[in-house]
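Bear in mind that the values in this text are calculations on the coordinates, not laboratory data. Just so it is clear, the model here is predicted, and its values are computed rather than measured. As a convention, Cβ positions derive from the backbone with ideal geometry for all residues, glycine included, and neighbour counts pool all protein chains shown.
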Amino acid sequence: TQDLKAAAAALIAQRVQLYNKKDAAGIAAEFTQDAIFVELLPTLAVMRGTAEIQKHYQQLFDAGATRFDQKITQVELNDNETGVMAGDYSVVANGKTITGHWFEILHQEAGTWKATVHVFARPNPIIEWQLEFPQLRQPSKLTTTG
């Protein structure tokens, strides 16, 4: 458990540095390729894979979200290759400090701990989301003009 605690602290410290440098690709690299990233509040959004995670962080940067801080309050080792960590975070957006909670499931890949599931909630939106269900989208109609 001590090794996981040290690895988790290093991972979060690096993420905070990358965030404050506005390095969305660097943050996404801390996740497994098939990671699931879930926002519960203020709206439900599910992102899958590092490309969507990178896009999410870039949207935060583009929306002016700055001064990100993430604190770990709990770390538990499940087995030699998986663990869980959870905590609180804050970010400044449009002059307001927004706080929230998060948890991650970590998985060890080739000796490196990476996030495979990240779930978070915050009371206030930073970027606007529109919940879409792909199976409900209407097929686009092609029109021609002559």
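Applying 0.36 nm per residue to the separation of ASP62 and LEU77 and subtracting their alpha-carbon distance, the gain on full extension is 1.8 nm. A Stokes-Einstein calculation at 37 °C with viscosity 0.692 mPa s, built on the Kirkwood radius of region 1-119 over Cα pairs, returns a diffusion coefficient of 228 µm²/s. Applying the Karplus relation 6.51 cos²θ - 1.76 cosθ + 1.60 with θ = phi - 60° to region 109-115 yields 3J(HN,Hα) values of 10, 6, x, 10, 7, 10, 7 Hz, where x marks Gly and Pro.
Converting phi to 3J(HN,Hα) with the Karplus coefficients 6.51, -1.76 and 1.60 and the offset θ = phi - 60°, region 24-35 yields 5, 5, x, 5, 4, 5, 7, 10, 5, 4, 9, 4 Hz in sequence order, with x at every glycine or proline. Full extension of the chain segment joining VAL46 with LYS21 gains 6.5 nm, where the gain is 0.36 nm per residue of separation less the Cα-Cα distance. With R₀ fixed at 25 Å, the C-beta to C-beta distance from ALA10 to HIS101 puts the FRET efficiency at about 0.75. Peptide packing for 95-103, 3-11 was compared via the average number of neighbouring C-beta atoms within 10 Å per residue; ordered from the highest value, the list is 3-11, 95-103.
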